[in-house]
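See structure below.
The values are calculated or read from the model by the stated rules, or taken from the named source; none is laboratory data. Remember, predicted model here, so these are calculated numbers, not experimental data. Here the Cβ is made from the backbone with ideal geometry for all residues, glycine too, and neighbour counts use every protein chain on show. Side chains are part of the model used for accessible areas, which takes the heavy atoms of the whole protein and leaves out ligands, DNA and RNA. Shrake-Rupley method; radii C 1.70, N 1.55, O 1.52, S 1.80 Å.
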Amino acid sequence: MAKKKQEEKLPQEQLEQEVQPEVEEVAEEPAPANEFEEKYLAEHDSYLRLAADYDNFRKRTAILSFLRQTKEHPSAEMVFNHLKQEIPDLSLGTVYRNLSMFKAQGEIISLGTVNGIERFDGNTAPHVHFICNHCAGVMDLHGVAVPQELSTAVENGVGGQVNSCQLSFTG
């Protein structure tokens, strides 16, 4: 009987040994051997940071330039699809992060969502939009001005200053 209990324990012990994950030791990078190597590594890191900064600058500039030149009022996906051929390593996440940053800085404006998709405008000057419910197109209405008396009425009503106004018609 004692032998049977011992046999029952053996598979359990083997199972516990198999389940234990092996922990890999991570080797620390060796310290620079001399002053020359230390200087080289510092310059190399600096170069890599500059290269990454330039790459981010190039993508950021292309995104903002596209938004300022187009009259489409694009979504993030539209920006991505347009620039992907020009910048193959561009990701949709990069486009979203840059659009968010530009919006926070006041470089672009969000027109809100059209058919559930946020649309953007590189023209931050006050102007009026028409949003088509049928085709989801967004158009600038150049012949229609944002009425100043509307801003004045709002300022009088709330007792504060209006910093911006977006006027959109839908139909």
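Quick one: in region 112-168, of everything that is farther than 25 Å from ILE63 by Cβ and hydroxyl-bearing (Ser, Thr, Tyr), which residue is surrounded by the most Cβ atoms within 10 Å (Cβ to Cβ)? Here the answer is SER151.
Return the total of residues in region 100-111 being open to solvent by 50 Å² or more (accessible area, probe 1.4 Å) and farther than 18 Å from LYS71 by Cβ. Total satisfying the criteria: 5. Checked against (1) over 15 Å from the mean Cα position of the chain (by Cα); (2) part of a strand (DSSP E or B); (3) touching a residue at least 12 places away in the same chain (Cβ under 8 Å), GLU86 passes all but a single condition, namely (2). Taking the conditions (1) more than 16 Å from the chain's Cα centre (by Cα); (2) over 28 Å from SER164 (Cα atoms); (3) modelled with pLDDT of 65 or more in turn, ARG58 satisfies each one other than (1).
Contact map, region 137-150: first residue aromatic (Phe, Trp, Tyr) and in a loop (DSSP other than H, G, I, E, B), second residue at pLDDT 85 or above and open to solvent by 80 Å² or more (accessible area, probe 1.4 Å), Cβ cut-off under 6 Å, separation 6 or more or different chains; the map is empty.
Going by the conditions given, is LYS71 assigned to a loop (DSSP other than H, G, I, E, B) and modelled with pLDDT of 65 or more? It is true that LYS71 is assigned to a loop (DSSP other than H, G, I, E, B) and modelled with pLDDT of 65 or more. Just a yes or no: is a residue in region 92-112 in a loop (DSSP other than H, G, I, E, B) and over 27 Å from ASN163 (Cα atoms)? No, every residue in region 92-112 fails to be in a loop (DSSP other than H, G, I, E, B) and over 27 Å from ASN163 (Cα atoms).
Mind listing whichever residues of region 115-136 are in contact (Cβ under 8 Å) with a residue 24 or more places away in the chain, among the hydrophobic types (A, V, I, L, M, F, W, C) and out of contact with any strand residue (DSSP E or B) (no Cβ under 7 Å at 6 or more places or on another chain)? Correct list: ILE117, CYS132.
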